[in-house]
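Chemist: The structure under discussion is supplied below as structure tokens; questions concerning it will follow.
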Amino acid sequence: MHDAIRIAVTGPESTGKSTLAEYLAAKFGGVSVPEYAREYLEKLGREYNFDDILKIAQQQILNEDNAAIENKLVFCDTELLVTKIWCDDKFGHCHSWIIDELNKRKYDLVLLCNIDLPWEPDPQREDPHRREHLMTLYQEQVVEYYGNVAEVIGEGEDRLQFASKIVEELLRNKSCL
């Protein structure tokens, strides 16, 4: 068994997290762990509640940990900070389990996706008019929980290349390139 390099892709909704995680995994020969919330909510058949967010968080990190067993480079399309901010924002507090796990989990790099992309409607997206507020929460909290954080900016190919350079630098420093 080996220690996988874990790169989290985080940020508010509609900031290109899924596209970025999939692109980087393909470019660098890693695996992308998809956002479990999307799958869970599509199958739910009702409004989500406080306990649903805990289930989503638990499965998200289980999927991430399983991917890290079999792969040396793992790109995580969201992580526990997303569920914490979501839970705090919608319910006024968060599950202690999520906060405890968030304090324990470490990533080699966290890519914080900026809101400089146009908001795209989606049945699971809720807050097009609160993007600035949510981005501020991410900017404040990401440094509280994680060490190696880089904010990803730009649109289209520029955004992908911007993030690629950050990942290349990490992998070079870890002697993986």
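FYI, it's all coordinate maths here, none of it is from the lab. In this text the structure is predicted, and so the values were computed from the model without any measurement. Cβ coordinates were reconstructed from backbone atoms using ideal geometry, including for glycine residues, and neighbour counts include every protein chain displayed.
Chemist: Hey, residue 71 hits all of (1) touching a residue at least 40 places away in the same chain (Cβ under 8 Å); (2) within 17 Å of the chain's Cα centre (by Cα) but one; which does it fall short on?
Modeler: The number of the failed condition is (2).
Chemist: Only residues that are crowded, with 18+ Cβ neighbours inside 10 Å, in contact with a helix residue (DSSP H, G or I) (Cβ under 8 Å, 6 or more places away or on another chain) and more than 18 Å from residue 167 (Cα to Cα): list them for the stretch 118-152, please.
Modeler: Result: 134, 138, 145.
Chemist: Looking only at the stretch 115-140, how many residues end up being within 21 Å of residue 54 (Cα to Cα) and part of a helix (DSSP H, G or I)?
Modeler: 3
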